[in-house]
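Here it is, the structure in full.
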Amino acid sequence: PLMMRRASDLKSKWVGETERNIADAFATAKANNAILFFDEVDTFLDSRESVQQGHEKSMINEVLQQMESFGGVFIGTTNFKDMLDPAVARRFTFKVELDYLDRDGRRIFWRRYFGKAPSAVVRRRLDNLDRLTPGDFRTVRQELYYLGDEVGDDDRLDALEAELSAKTGVSRRIGFRNSP
């Protein structure tokens, strides 16, 4: 089973409670032979050099210690790997970087999110939209849902282009980089 935990599940306003929640999450995953998944792991593993409060450092240390002793599968995701504590990298056996969708990936997500294969005209335009992610397709589908049945392929492509323009200057990849 997959046991997903977010910051809102684990962080507490009470000093020491966050650390206990983190330890409980690892213990519960171990007891249930579950995969433990922390979304936005940077919330818990910010660099200890940048934290100001002692309890923040204690939280980071707790996660690092739990990772070190955990015998199961632990997965953490982040869009900010450069902000993670330097001790994090050695505790992850595998570091996987998820890049932007390639041409085939963009076509697959067009089909999945818009319910039809892209036409030749759509493919020509779609093939020029690099730096798209699955989340961009989800956002566009959700945005256009509110416009009703009057949405066409040009509207979808225009909305995907708008998502890309919102990323101006963003060239970093998503996730961890695979390292030797």
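Per residue, how much accessible surface does the chain expose to a 1.4 Å probe? Answer in Å², no decimals. Kindly include the intermediate steps, with their values, before the conclusion.
Values: 11180 Å² over 180 residues.
Value returned for the chain: 62 Å² of accessible area per residue.
Here's something else I'd like to know. Going by alpha carbons, how many degrees (0 to 90, nearest 10) lie between the helix axis of 134-145 and the longest principal axis of the chain?
Once rounded, the angle reads 60 degrees.
I need the calculated FRET efficiency for the pair Ile108 and Leu164, taking r as the beta carbon distance and R₀ as 25 Å, to the nearest 0.05. Mind dumping the intermediate values first?
Numbers: r = 18 Å, r/R0 = 0.72.
Here the calculated transfer efficiency is 0.90.
Which angle from 0 to 90°, rounded to the nearest 10, does the C-alpha axis of helix 54-69 make with the longest principal axis of the chain?
Once rounded, the angle reads 90 degrees.
Subtracting the Cα-Cα distance from 0.36 nm times the residue separation, let me have the gained length for Leu2 to Asp39 in nm, one decimal.
Numbers: separation 37, 0.36 × 37 = 13.32 nm, distance 1.22 nm.
This chain segment gains 12.1 nm when fully extended.
Over all directions, the average projected area of the alpha-carbon convex hull for the chain comes to how many nm²?
On the way: hull surface 52.8 nm².
For the chain, averaging the hull's shadow over all directions gives 13.2 nm².
Quickly work out the Val15-to-Phe80 label distance, labels modelled 7 Å from Cα along the C-beta direction, and quote it in nm with one decimal.
Taking the simple label geometry, Phe80 and Val15 are separated by 2.4 nm.
Cα to Cα, under 25 Å, and not fewer than 8 places away if on the same chain: which lysines meet these conditions relative to Lys81?
Those lysines meeting the cut-off are Lys11, Lys57, Lys95, Lys167.
How many percent of DSSP beta bridges within the chain run antiparallel, rounded to 5? Could you put the intermediate results ahead of the total?
Working: 3 of 10 bridges.
If I count the DSSP bridges inside the chain, around 30 percent turn out antiparallel.
May I ask you to list the chymotrypsin sites (Phe, Trp or Tyr not before Pro) in region 82-125 that are in a DSSP loop and have at most 11 other Cβ atoms within 10 Å of their Cβ? Spell out each step's value before the answer.
Working: sites: Phe92, Phe94, Tyr100, Phe109, Trp110, Tyr113, Phe114; in loops: Phe92, Phe94, Tyr100.
Taking region 82-125 and a limit of 11 other Cβ atoms within 10 Å, the loop chymotrypsin sites (Phe, Trp or Tyr not before Pro) found are Phe94.
Of all the accessible heavy-atom surface of the chain, with the other protein chains kept in place and a 1.4 Å probe, what percent is carbon and sulfur?
48 percent
Each residue of region 20-27 in order: what ³J(HN,Hα) in whole Hz does its phi give by Karplus 6.51 cos²θ - 1.76 cosθ + 1.60, θ = phi - 60°, with x for Gly and Pro?
Taking θ as phi minus 60°, the curve returns 5, 4, 5, 4, 5, 4, 5, 5 Hz for region 20-27.
So what is the relative contact order of the chain, in percent, for Cα pairs below 8 Å that sit 6 or more residues apart?
21 percent
The values are calculated or read from the model by the stated rules, or taken from the named source; none is laboratory data. Quick caveat, the model's predicted, so the values are computed rather than measured. Here the Cβ is made from the backbone with ideal geometry for all residues, glycine too, and neighbour counts use every protein chain on show. Note: accessible area is taken over every heavy atom of the protein model, side chains too, but ligands, DNA and RNA are not part of it. Shrake-Rupley method; radii C 1.70, N 1.55, O 1.52, S 1.80 Å.
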